[in-house]
Amino acid sequence: DVKVTQSSRYLVKRTGEKVFLECVQDMDHENMFWYRQDPGLGLRLIYFSYDVKMKEKGDIPEGYSVSREKKERFSLILESASTNQTSMYLCASSLAFASGSWLHTDTQYFGPGTRLTVL
Amino acid sequence: KQEVTQIPAALSVPEGENLVLNCSFTDSAIYNLQWFRQDPGKGLTSLLLIQSSQREQTSGRLNASLDKSSGRSTLYIAASQPGDSATYLCAGLSRTYKYIFGTGTRLKVLA
């Protein structure tokens, strides 16, 4: 079974603190993703990575950065936490494979989520 | 820009009913479509993945179909059970290789 783990289930931080959220997957997946989920807004992509040291901005990257030094680990960093970053953060991973001229992305597997509260 | 809509937003049915959840997307150029369930306060669990070259996938009591020409996917749940109560999300993989999620359908199956 694919396992995606996140470093904390619940986290409380103060405004201005630097926050690290860590995600680890054990299936040698190329792709890893960070989302945030807010009521009424659904899941929104913050950043994703398709290989070690490679990253691309998602739809809402402002105020966040990421790091992927090893294939199994993808970190989300809030440089200076603000109250509007209070949210549920979800990490996911997926396998990428080529078939003919197409690059396919396989099933996304999600971690349990980290509920972050910024006071 | 790809947008994904799910209808209805909430649904309450008696146990045993067959039901259909709908997902529509604005850009037919999607590479695959995935259905998930989410229990309160938890992460997402993948249910079914339909590649763009496929029209449907089945797993147990679940059947998902994809019609790219009309921009629609449906998730059919047969003989619903109270344990099926959850939020169901669909997500389309866009031409930019990013998943776009719908806001979900909250399902409650009454015993």
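Values quoted throughout were computed directly from the atomic coordinates according to the rules given, and no laboratory measurement underlies them. Computed from a predicted model, the values in this text were never measured in an experiment. Methodologically, a virtual Cβ is constructed for each residue, glycine included, from the backbone with ideal geometry; neighbour enumeration extends over all protein chains shown.
Observations on the structure shown:
- For the stretch A:42-99, the gyration tensor built on C-alpha atoms gives a prolate shape. Its axis ratio a/c (a ≥ b ≥ c) is at least 1.5, and a/b is the larger of a/b and b/c.
- Selected from A:VAL66, B:SER52, B:ALA64, residue furthest toward positive end of dipole (the protein assembly as shown; charges at beta carbon): A:VAL66
- Rg then Dmax, both in Å and based on the Cα atoms of chain A: 14.2, 50.
- The phi-based Karplus calculation (6.51 cos²θ - 1.76 cosθ + 1.60; θ = phi - 60°) puts the 3J(HN,Hα) values of the stretch B:24-39 at 10, 10, 8, 10, 6, 7, 9, 9, 7, 9, 10, 10, 10, 10, 9, 8 Hz, whole numbers, x for Gly and Pro.
- Residue order, fewest to most beta carbons within 10 Å, for B:ASP39, B:ASP27: B:ASP39, B:ASP27
- Computed over chain B, Cα set: Rg, Dmax in Å: 13.3, 43
- The tail of the calculated P(r) for the protein assembly as shown beyond 26 Å holds 37 percent of all Cα-Cα pairs.
- Taking the charge dipole of chain B about its Cα centre, with +1 at Lys and Arg Cβ atoms and -1 at Asp and Glu Cβ atoms, the residue from B:THR103, B:LEU93, B:GLN81 reaching farthest to the positive side is B:LEU93.
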